[in-house]
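Q: Structure incoming, see below.
The values are calculated or read from the model by the stated rules, or taken from the named source; none is laboratory data. These numbers come from a predicted model, not from an experiment. Using ideal geometry, Cβ is built from the backbone for each residue, glycine included, and neighbour counts are taken over all protein chains shown.
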């Protein structure tokens, strides 16, 4: 059975394409489960996967922290914006 | 009461203000009224003129309003051709988002995204804990793009340091704190630009003494470089190497720059070193051979370093001699974990700190050329002997000055580790065959058309279609026709039998001529005139707009419509109409504006003259009244005395009759 490479997952994470990384991971995870069930999952392969998972976790944590900072900046900027007046209510409304 | 009104109101023979007591008082009042009326005649004339001018000014204001509306209508046509009127569709939204702005043109574009690139990130190697020295926050060195920046937080906590980085260098890097595990807080740095930016945080002790790496050579090391791109064509030729006063003939295995350079290094006797350099950009190569003498000063009386192919002309151009070279073989030993070397280029009294990706001579020279290339050129020369590399960095002044150059090295603690490498985005537009690299994911496809890269296109280009809405243009052209007709109507009221206030004035003809220039604009394109857009000019000078004609033209060839209309500044109908209307409406020089200003100034001058003349008439009236009053009083007194005497005389006569 051909082993699916893990490098594309790493590349997707590096370029910030987390959606693609997740799709690739789901694809690889099915293959790994199959390797595990038929006993062909080597320790080296398992170490490689473990390293990728831990690295991805930290990268995702950092990305989330950066995005949270940006969100906070936007929130602060929004607080300093001119308030939008509420829509004026019409005394008479018609419809056709 | 003003004299004029006094005059106009004097219908009776008795003055309203002068009431004498003599029997001649009415005559006196009439004299005053007549004199005042005669004196007021010029005032009357001036007032009539002012009334006429005021009417003309009011009419000019009306015309100004109509022409301003027409100017606005022309601008709205330009807006209808602008970015807001365009829509863009992408065949694969996962690859790119496309936005359109002013300057966009309809068309089909394509983009093949090889890579969307990556922002480099780095993270602290361990829990952030830097102890303050003498209770003072540490000044850290932030490294971004090989350049050093000083950062001092409110204290040494991860949060304070990250805040200080964002406050001072938020345009280069984004810093935040991350809790990767309980009691394990780290600083994460993310580059703002795509590509490798060599992010790090260093702590260089203030007590660290930098090591000077260069030796000055006032006589200079001769350097030359191939004048044009290296020509490696043809069968192996014999080259003549000129080193100062010596000449050597060499025959390399081929004419390639690499072979020629290696042959020079093998046979010349160690007086000169050759290196192949690539001056190409954007994936294209431009190979040259750089020659550099190994010793300072002239060689056999000359600094010339040249190459001649088959006895032909010299291929090299002499450069400014390098006046600084590394003293000993360059040490490229990597730093131990937790420490990092940083360098400083010393140029005279200036010192520029930088941190290359590694300690190799090539990386240090590349960083110098990249950051300070305007002042100095750094080149690596291999003075190898016996097959052992001996790299040195030579520094040449770029400004021709005799500045002393040095490279200093300092080693400090480093806290960051690269987490994800950076990479430039790469893409190809319209199957041009040129792969572009970009440090941003916002790519200009064409003027006004910008794509934001979302993902790679997997080798096949995605299509981008930009179209323009006809409805916005239809509304704008219709409004233009209305505004034009309104201006024509206003001008018509100033002509013919029932002429308006500006009847006979040259400005009416001038403005009509301007309108005519707009309506009769013609072009040599597929659409030659406004009729092609559904604007039919009638014999009465008015436009009749047919929306279907515009829609048909826009559907058939929207490019022709866009081309005919052009833009406000670029050309076509819009520029013609804008220029014409500016000639009428420009604030200081416009025909209408100057006429209005002149008219108002004239009215103001007349008003001042009228006021002055009126004051004179009023003064005359008062003088006459005073004089007439005095005369009347005298006559009244005389009449009273006469009456008394006459009565006395009559009484005496009566008495005489009675006593006869």
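Q: Of the conditions (1) assigned to a helix (DSSP H, G or I); (2) out of contact with any strand residue (DSSP E or B) (no Cβ under 9 Å at 6 or more places or on another chain); (3) free of Cβ contacts under 8 Å to residues at least 60 places away in the same chain, residue B:575 satisfies every one except a single condition; which number is it?
A: Unmet for residue B:575, out of (1) assigned to a helix (DSSP H, G or I); (2) out of contact with any strand residue (DSSP E or B) (no Cβ under 9 Å at 6 or more places or on another chain); (3) free of Cβ contacts under 8 Å to residues at least 60 places away in the same chain: (2).
Q: I'm checking my understanding of the structure. Among residues of region A:59-71 that are free of Cβ contacts under 8 Å to residues at least 40 places away in the same chain and either surrounded by fewer than 18 Cβ atoms within 10 Å (Cβ to Cβ) or not in a helix (DSSP H, G or I) (or both), which one is nearest to the other protein chains (Cβ to nearest Cβ)?
A: The qualifying residue nearest to the other protein chains (Cβ to nearest Cβ) is A:61.
Q: Show me the strands (runs of 3 or more DSSP E) found entirely inside region B:188-268 where at least 2 residues are touching a helix residue (DSSP H, G or I) at 6+ places or on another chain (Cβ under 9 Å). Spell out how you get there, then give the answer.
A: On the way: elements: B:200-203, B:214-226, B:239-243, B:246-250.
Fully inside region B:188-268 and qualifying: B:239-243, B:246-250.
Q: Restricting attention to region B:167-178, report how many residues are buried (at least 17 other Cβ atoms within 10 Å of the Cβ) and either in contact with a helix residue (DSSP H, G or I) (Cβ under 6 Å, 6 or more places away or on another chain) or within 12 Å of another protein chain (Cβ to nearest Cβ) (or both).
A: The qualifying residues number 6.
Q: Let me ask something else. Within region B:140-161, can one find any residue that is within 14 Å of another protein chain (Cβ to nearest Cβ) and in contact with a strand residue (DSSP E or B) (Cβ under 6 Å, 6 or more places away or on another chain)?
A: Yes.
Q: While we're on this one: In region A:1-52, what residues are more than 14 Å from chain B (Cβ to nearest Cβ) and touching a helix residue (DSSP H, G or I) at 6+ places or on another chain (Cβ under 6 Å)? Step through it out loud before you land on a result.
A: Filtering region A:1-52 for residues more than 14 Å from chain B (Cβ to nearest Cβ) gives A:1-6, A:25-50.
Within region A:1-52, A:4, A:6, A:25, A:41 meet the criteria.
Q: Also, quick follow-up: Return yes when residue B:131 is in the same structural domain as residue B:178 (by TED's automatic domain parsing) and modelled with pLDDT of 95 or more and no when it is not. Before the answer, list the steps.
A: Values: in the same structural domain as residue B:178 (by TED's automatic domain parsing): yes; modelled with pLDDT of 95 or more: no.
Judged against the criteria, residue B:131 is not a match.
Q: Right, here's the next one. Would you check if there is a residue in region B:43-60 being touching a helix residue (DSSP H, G or I) at 6+ places or on another chain (Cβ under 8 Å) and closer than 25 Å to residue B:474 by Cα?
A: no
Q: Pull up region B:109-118, narrow it to residues that are out of contact with any helix residue (DSSP H, G or I) (no Cβ under 9 Å at 6 or more places or on another chain) and buried (at least 22 other Cβ atoms within 10 Å of the Cβ), then point me to the one that is farthest from the other protein chains (Cβ to nearest Cβ).
A: B:111
Q: Evaluate the following for residue A:39: is it part of a loop (DSSP other than H, G, I, E, B) and under 29 Å from residue B:453 (Cα atoms)? Quick ask: steps written out before the conclusion?
A: Values: part of a loop (DSSP other than H, G, I, E, B): yes; under 29 Å from residue B:453 (Cα atoms): no.
So residue A:39 fails the test.
Here is a yes/no grid of residues against (1) touching a strand residue (DSSP E or B) at 6+ places or on another chain (Cβ under 8 Å); (2) part of a strand (DSSP E or B); (3) under 15 Å from residue B:200 (Cβ atoms):
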| position | (1), (2), (3) |
| --- | --- |
| B:318 | yes, yes, no |
| B:323 | yes, yes, no |
| B:332 | yes, no, no |
| B:335 | yes, no, yes |
| B:342 | yes, yes, yes |
| B:345 | yes, yes, no |
| B:357 | no, no, yes |
| B:367 | yes, no, yes |
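Q: Another one. Just to be sure I understand, how many residues within region B:115-146 are touching a residue at least 12 places away in the same chain (Cβ under 8 Å) and more than 33 Å from the chain's Cα centre (by Cα)?
A: Of region B:115-146, the ones touching a residue at least 12 places away in the same chain (Cβ under 8 Å) are B:115-128, B:130-132, B:137-146.
Adding the requirement that they be more than 33 Å from the chain's Cα centre (by Cα) leaves B:121-128, B:130-132, B:137-141.
Total meeting the criteria: 16.
Q: Would you confirm whether any residue within region B:358-374 is within 39 Å of the chain's Cα centre (by Cα), closer than 14 Å to residue B:411 by Cα and buried (at least 21 other Cβ atoms within 10 Å of the Cβ)?
A: No, every residue in region B:358-374 fails to be within 39 Å of the chain's Cα centre (by Cα), closer than 14 Å to residue B:411 by Cα and buried (at least 21 other Cβ atoms within 10 Å of the Cβ).
Q: I'd like the full set of residues that are surrounded by fewer than 15 Cβ atoms within 10 Å (Cβ to Cβ) and either within 15 Å of residue B:381 (Cβ to Cβ) or free of Cβ contacts under 8 Å to residues at least 12 places away in the same chain (or both), limited to region B:321-331. Let's see the steps before the verdict.
A: Taking region B:321-331 and keeping what is surrounded by fewer than 15 Cβ atoms within 10 Å (Cβ to Cβ), we get B:327-328, B:331.
Those that are surrounded by fewer than 15 Cβ atoms within 10 Å (Cβ to Cβ) and either within 15 Å of residue B:381 (Cβ to Cβ) or free of Cβ contacts under 8 Å to residues at least 12 places away in the same chain (or both): B:327, B:328.
Q: OK, next. Checking the conditions here, which among B:220, B:195 is buried (at least 17 other Cβ atoms within 10 Å of the Cβ), farther than 30 Å from residue B:329 by Cβ and in contact with a strand residue (DSSP E or B) (Cβ under 8 Å, 6 or more places away or on another chain)?
A: Working: B:220 fails: farther than 30 Å from residue B:329 by Cβ.
The match here is B:195.
Q: Report, by residue number, each residue of region B:280-293 that is touching a residue at least 40 places away in the same chain (Cβ under 8 Å) and in contact with a strand residue (DSSP E or B) (Cβ under 6 Å, 6 or more places away or on another chain).
A: First, the residues of region B:280-293 that are touching a residue at least 40 places away in the same chain (Cβ under 8 Å): B:282-283, B:286-293.
Passing the criteria: B:287, B:288, B:289, B:290, B:291, B:292, B:293.
Q: Restricting to region A:15-36, give me the number of residues that are without any contact (Cβ under 8 Å) to a residue 12 or more places away in the chain and within 19 Å of residue B:453 (Cα to Cα). Give the steps one after another, and end with the answer.
A: Taking region A:15-36 and keeping what is without any contact (Cβ under 8 Å) to a residue 12 or more places away in the chain, we get A:15, A:17, A:19-20, A:22-23, A:26, A:29-30, A:33, A:36.
Remaining after also requiring within 19 Å of residue B:453 (Cα to Cα): A:15, A:17, A:19-20.
Selection size over region A:15-36: 4.
Table: residues versus (1) over 24 Å from residue B:563 (Cβ atoms); (2) in a loop (DSSP other than H, G, I, E, B); (3) in contact (Cβ under 8 Å) with a residue 12 or more places away in the chain.
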{"site": "B:392", "(1), (2), (3)": "yes, no, yes"}
{"site": "B:407", "(1), (2), (3)": "yes, no, yes"}
{"site": "B:440", "(1), (2), (3)": "yes, yes, yes"}
{"site": "B:445", "(1), (2), (3)": "no, no, yes"}
{"site": "B:451", "(1), (2), (3)": "yes, no, yes"}
{"site": "B:477", "(1), (2), (3)": "no, no, yes"}
{"site": "B:480", "(1), (2), (3)": "no, no, yes"}
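Q: When region B:147-165 is examined, which residues are found to be loosely packed, with under 15 Cβ neighbours inside 10 Å and within 37 Å of the chain's Cα centre (by Cα)?
A: B:150 - this is the single residue of region B:147-165 that is loosely packed, with under 15 Cβ neighbours inside 10 Å and within 37 Å of the chain's Cα centre (by Cα).
Q: Need pairs with beta-carbon distance below 6 Å; first residue under 13 Å from residue B:515 (Cα atoms) and within region B:583-595, second not in a helix (DSSP H, G or I); sequence gap 6+ or separate chains.
A: B:584/B:590
Q: So in region B:409-436, with the set limited to residues that are in a strand (DSSP E or B), buried (at least 17 other Cβ atoms within 10 Å of the Cβ) and more than 14 Å from chain A (Cβ to nearest Cβ), which one is nearest to the chain's Cα centre (by Cα)?
A: Applying the filter and picking the extreme gives B:429.
Q: If I filter region B:394-408 down to residues being surrounded by 18 or more Cβ atoms within 10 Å (Cβ to Cβ) and within 39 Å of the chain's Cα centre (by Cα), which single residue comes out as nearest to the other protein chains (Cβ to nearest Cβ)?
A: Of all residues in region B:394-408, those surrounded by 18 or more Cβ atoms within 10 Å (Cβ to Cβ) come to B:394-397, B:403, B:405-407.
Filter once more, so that each one left must be within 39 Å of the chain's Cα centre (by Cα): B:395-397, B:403, B:405.
Numbers: B:395: 36, B:396: 38, B:397: 41, B:403: 42, B:405: 38 Å.
So the residue we want is B:395.
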